Amino acid sequence: MTPSLSLPSLDDLTRAERGVSLLLAAVIVFLVAAVAIGWIRAQYLLFLLSLGGMYLILSMGLNVQWGYTGLINFSVAAFFGLGAYGTALLTANSSPIAGGFNPIVGLVMGLLLAAVVAILIGIPTLQLRADYLAIASLGLAEVIRMIVLNEQQWTNGSRGVTGIPTFFEGWPVLGSLSDPFTIALADFGLVVVFILVVYLFLRRIHRSPWGRVQRTIRADEDLAEALGKNTYWFKMQSFVIGSVIMALAGVFYVHLNLYLGPGDLNPIRTFYVWVAVILGGSGSNRGAMFGGFTVIAILEGTRFLNGLQVIPFDIAPFRLLVIGILIILIMHLRPEGVLPPQKELIWPSAMGGESDE
């Protein structure tokens, strides 16, 4: 007997989308009111929104690997760090290697570095089953972090990299910006552009035959091989694309924060991104974006609760507890995620059309 696919109904998806839309609208209204009455400075709010955008990009990168193909990658922080250090060591004044290059050059180098490392780690592991990739990626994350921490002649070690320029350094008009609010607004506009480019690219490939092969590999790799597909090559493509997207988030973070240290590569960042993808719905680009937004809202939103003096104790240290409870509730109430793919089938035409994700 052929097993049936357990998919959320379209009515459930519609209700979930409406609920998410109402939640986002409420958050926007709250943020506008908070800025108006002085709870949050507009410049700091733009910084937080830009930071949230960085997590959205990271979540979409992991979604390519886990949501599309079923690859378990525990080295999100490593590829994030490769993109970050790749551009920081080329553009920063304190770089022990080079320094002084245009941030566009740093962007290209950071993405290339992540792609090369992804290929090198993928060659020996992607021919094996998923658990071997999980072990290798976990080791890679720690190796990259220890290299950054201990090889001071290359990375400045625990001192970190300072003197990093903004992304628009040297540009005709934006390069002359000096007002902090204007710079924060430009950074926010940049991350919005990055998010749109990544989202539209992933939406395109997810709807393509390439995306259908990836979903087949995730559902049944043996079936994909029986159909004549080179699953190793397809998994390599998915792994490299996702890793480059993670590196893009690292490049943006460096030119947003203007400082980079080994602490930015801590494994907890990987945990946050996995939570975001699971929360939103594996395989859903919209879900990954919503999950990234939710995680950063919990991480940074708790900072303001203490100032409101509504709760008699310091709630900020309990943010990990809040995220853990959120995971438990989601897995119990909506194991498919808040915004799962609308038509997660190997052959989307079986439901009367192409996949909407």
Built amide H within the under 5 Å cut-off of residue 260, gap 5+: 161
Residue order, fewest to most surrounding Cβ atoms within 10 angstrom, among 215, 269, 18: 18, 269, 215
Protection proxy ranking, peptides 166-173, 47-54, average beta carbon neighbours within 10 Å, highest first: 47-54, 166-173
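Can you put 229, 235 in order of Cβ neighbours within 10 angstrom, beginning with the fewest?
229, 235
Sort 182, 69 by Cβ crowding within 10 Å, fewest neighbours at the top.
On the way: 182 13, 69 27.
By the 10 Å Cβ count, ascending, the order reads 182, 69.
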All-pairs alpha carbon distance profile, segment 40-265, 5 Å steps from 0, percent: 1, 7, 14, 18, 18, 15, 11, 8, 5, 2, 1, 0
Segment 28-72-segment 190-211 distance, computed between alpha-carbon centres (Å): 17 Å
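What is the extension gain from residue 134 to residue 204, computed as 0.36 nm multiplied by their sequence separation minus the C-alpha to C-alpha distance, in nm to one decimal? Let's see the in-between values first.
Details: separation 70, 0.36 × 70 = 25.20 nm, distance 2.74 nm.
So the chain would gain 22.5 nm between residue 134 and residue 204.
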Table column - 3J(HN,Hα) (Hz), segment 254-259, Karplus curve with 6.51, -1.76, 1.60, x for Gly and Pro: 4, 7, 8, 7, 6, 8
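Test of understanding: what is the full-extension gain from residue 258 to residue 94, defined as 0.36 nm times their sequence separation minus their Cα-Cα distance? List each step's numbers first, then the result.
Working: separation 164, 0.36 × 164 = 59.04 nm, distance 1.16 nm.
Between residue 258 and residue 94, full extension yields 57.9 nm more.
By how many nm would the segment from residue 35 to residue 196 grow when fully extended, if each residue of separation counts as 0.36 nm and the alpha-carbon distance is taken off? Present the calculation step by step, with values, prior to reporting the outcome.
Values: separation 161, 0.36 × 161 = 57.96 nm, distance 2.58 nm.
So the extension gain works out to 55.4 nm.
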Point-to-point label distance, residue 222-residue 44, nm (Cα→Cβ direction, 7 Å offset): 5.7 nm
Rg and Dmax of segment 142-225, Cα atoms only, in Å: 20.9, 57
Unit charges at the beta carbon, dipole of segment 40-265: most positive-side option, 85, 56, 199: 199
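Throughout, read-outs are computed from the coordinates displayed, never taken from laboratory work. In this text, all values refer to a predicted model and were calculated from it rather than measured experimentally. Using ideal geometry, Cβ is built from the backbone for each residue, glycine included, and neighbour counts are taken over all protein chains shown.
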